[in-house]
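The values are calculated or read from the model by the stated rules, or taken from the named source; none is laboratory data. Here the structure is a predicted model, which means the values were calculated and not measured. Cβ placement follows ideal geometry from the backbone for every residue including glycine, while neighbour counts extend to all protein chains displayed. Remember, those area values only see protein heavy atoms, side chains included, never the ligands or the DNA or RNA. Shrake-Rupley method; radii C 1.70, N 1.55, O 1.52, S 1.80 Å.
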Amino acid sequence: MLKSRTKFITLVLTLTVASSVLTGCSIGKSKNETASEGNDNVVTLKFFDKNTGDAFTDEVAQEITKRTGVKVEIQQPTGDPLEKLNLMLASGDYPDIVLMDRSNDIVNKYITTGALIPLNDLIDKYGADVKKMYGDTLNKIRYQDGKNYYLSNWYGKDPDAVFGFIMRQDMLKQVALDKASNGQYFTQDEFIKVLKDIKAKYPTVNGKEIIPLTFQSDNQGGIVGTFKGMFGLKTYYQINGELKYDVRDPKYLDMLKYMNALYREGLIDKEWVVNKKELWQQKLSNGYTFATTGAYWDVTNSNTALKGSLGNDAQLYAYKVVANGVDPSKTTYGGRSSLGWDAIGITKNCKNPEVAMKFINFLASEEGQYLMMWGVEGKTWNMVDGKHKPTDEILKQFKDNFNDTAKKTGVRHWTWFIKNGLGSDGTPYDMATKYDKDQAQIIANKNLPDTYWDTAEFDGLTPKGGTPEALINQKVQDIFNQAFPKIVNAASEAECVSLYNKMIADIDAAGLSKVEQIINDNYKQRMSLWK
């Protein structure tokens, strides 16, 4: 994959010269940009990227244009990207390429209205690298008609840890030294004991009452996802060959009873329901909170503050807690989809989709991946003993200021068609976060092994937006959102169970069975496509 691409570049440039005058994609010719080999004709592609609105002018962007003969005109709203996508769809005024949230129904809208064109023939003719890199993922991201209308972004398996119980290491050493740094998991009973011991040993910190465990209320995924992980719960409850909502799983009630027990023991922050991100971070950063839930990267800012005020040992690190009766290797803290986060497609407004696909094929190739994610050889990395090696300077810059470094250097700034995992030389495509992992990431992976599972088969099975069943599904979610904090905060286990039973009765009355029928129909259709 790292062989010279001279023939490819020559082909693209030849096509660019011929097509930029006659057709082109949207604009066809740039007055100010020049392609490689002195050609002053550059095909311009209009690209809507919900993740960025920056100009395509940095060093990596210039190198992409040099190698492909394509300049990108970025289009991104200052407001809500989803609102902009809907407005563009309604007016028919959308650019050559669009990047959307793959899990959102907006993708289906763009497909069903004909805004996105099928890519299969283009991939067959111009997408050799796409086929090689995506492999079976192409089969799995087909629409129900069997055609590919988009390519995934951030696809492929990523086994790195996600959710966990995040605890202050210095405090943990005082009550559980044997498990503070050796990668062992805690049982649910051991975790309760740790929280109780912390509360007893540190009744107050800096004049504040100790908070053994807090949550970020506006990150429900980080709360529920962490507790579901310890109980081995997945997206749906599978029973007798059917998919049911996860709340129907008996282990889900066990999870809620455990959370309620923690609350009744005074181990959960009494104010957790109103802990928005800023307040949550403040409680962690000021040193009077022992633990929280979520992804290890959620507490990066708080760790920076703790390190500055209390030292290196006062860091928040992720740990695994295993529920009673659950196989430690079957916990589900690390659920993520191998099919990626974003969907990138070519629209029917693109006047020259062949050029667009050749551009996409380059970006999706290993050469393109290393260019976007590592930068230009000789500047931010070098080939040493047959392997990519980043410069010490770029690694330091990313550690000092990640976002600013990406913008200034262009490295990891344009994240399109990104594949998780390792390149052919064994180095990770995502150099900035995977090559030289920080301590929090290293410890999370050490403490949370065997937690990855692929959510792909269960993604996007709910009813399409605008349908009666979609409204029912939203009603069900509203019922859960209202019931969840009341169940956790119940005054007794009996009340916890009673509130749970009422929630189940309410979602059944709202028509959940109709939603579950569609989920199962969609699941069966998906499995037939994946054969």
Flagged pairs (Cβ under 8 angstrom, 6 or more apart or on separate chains; first in the range 316-330, under 19 Å from Ile211 (Cα atoms); second buried (at least 20 other Cβ atoms within 10 Å of the Cβ) and charged (D, E, K, R)) are Leu316/Arg168
Per the list (1) farther than 21 Å from Cys496 by Cβ; (2) open to solvent by less than 30 Å² (accessible area, probe 1.4 Å), residue check on Gly232 breaks on (1)
Lys179: passes all of (1) open to solvent by 70 Å² or more (accessible area, probe 1.4 Å); (2) charged (D, E, K, R); (3) within 18 Å of Gln439 (Cβ to Cβ) but (1)
Within the range 268-288, residues out of contact with any Leu (no Cβ under 8 Å at 6 or more places or on another chain), closer than 17 Å to Leu306 by Cβ and among the polar types (S, T, N, Q) come out as Gln281, Gln282, Asn286
The lone condition Asn240 fails out of (1) open to solvent by less than 60 Å² (accessible area, probe 1.4 Å); (2) free of Cβ contacts under 8 Å to residues at least 60 places away in the same chain is (1)
I'd like to know if the range 499-512 contains one or more residues that are modelled with pLDDT under 95 and open to solvent by less than 40 Å² (accessible area, probe 1.4 Å).
no
Tyr258: buried (at least 17 other Cβ atoms within 10 Å of the Cβ), touching a strand residue (DSSP E or B) at 6+ places or on another chain (Cβ under 9 Å) and either among the aromatic types (Phe, Trp, Tyr) or at pLDDT below 95 (or both), yes or no? no
Practice prompt. Confirm whether Lys270 is open to solvent by 60 Å² or more (accessible area, probe 1.4 Å), farther than 21 Å from Trp453 by Cα and either part of a helix (DSSP H, G or I) or not aromatic (Phe, Trp, Tyr) (or both).
Written response: yes
Just one listed residue, out of Thr304, Thr300, is out of contact with any Asp or Glu (no Cβ under 9 Å at 6 or more places or on another chain), assigned to a helix (DSSP H, G or I) and at pLDDT below 95, and it is Thr304
Going by the conditions given, is Ala318 farther than 21 Å from Ala295 by Cα, modelled with pLDDT of 95 or more and either assigned to a helix (DSSP H, G or I) or open to solvent by less than 40 Å² (accessible area, probe 1.4 Å) (or both)?
no
Looking across the range 101-125 at residues that are of a type in the set (A, V, I, L, M) and in a loop (DSSP other than H, G, I, E, B), the single one that is most open to solvent (accessible area, probe 1.4 Å) is Ile117
If you go through Asn445, Asn473, the only one that is in contact with a helix residue (DSSP H, G or I) (Cβ under 8 Å, 6 or more places away or on another chain) and touching a residue at least 12 places away in the same chain (Cβ under 8 Å) is Asn473
Of the candidates Ala440, Ala432, the one satisfying the condition of being touching a residue at least 12 places away in the same chain (Cβ under 8 Å) and either touching a Lys or Arg at 6+ places or on another chain (Cβ under 9 Å) or closer than 28 Å to Trp530 by Cβ (or both) is Ala432
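This table checks each residue for (1) within 30 Å of Ala180 (Cα to Cα); (2) open to solvent by 10 Å² or more (accessible area, probe 1.4 Å); (3) among the polar types (S, T, N, Q); (4) in contact (Cβ under 8 Å) with a residue 12 or more places away in the chain.
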position	(1), (2), (3), (4)
Lys387	no, yes, no, yes
Leu395	yes, yes, no, yes
Asn403	no, yes, yes, no
Gly421	yes, yes, no, yes
If you go through the range 373-382 one residue at a time, do you hit one that is over 30 Å from Phe227 (Cα atoms), in contact with a Cys (Cβ under 8 Å, 6 or more places away or on another chain) and either modelled with pLDDT under 95 or small (Gly, Ala, Ser) (or both)?
-> no
By residue number, the members of the range 41-84 that are open to solvent by 30 Å² or more (accessible area, probe 1.4 Å) and assigned to a loop (DSSP other than H, G, I, E, B) are Lys50, Asn51, Gly53, Asp54, Ala55, Thr57, Gln76, Thr78, Gly79, Asp80
- Message: For the range 145-156, check the following and say yes or no: at least one residue is exposed (fewer than 14 other Cβ atoms within 10 Å of the Cβ), over 27 Å from Asp313 (Cβ atoms), small (Gly, Ala, Ser) and within 26 Å of the chain's Cα centre (by Cα).
- Response: yes
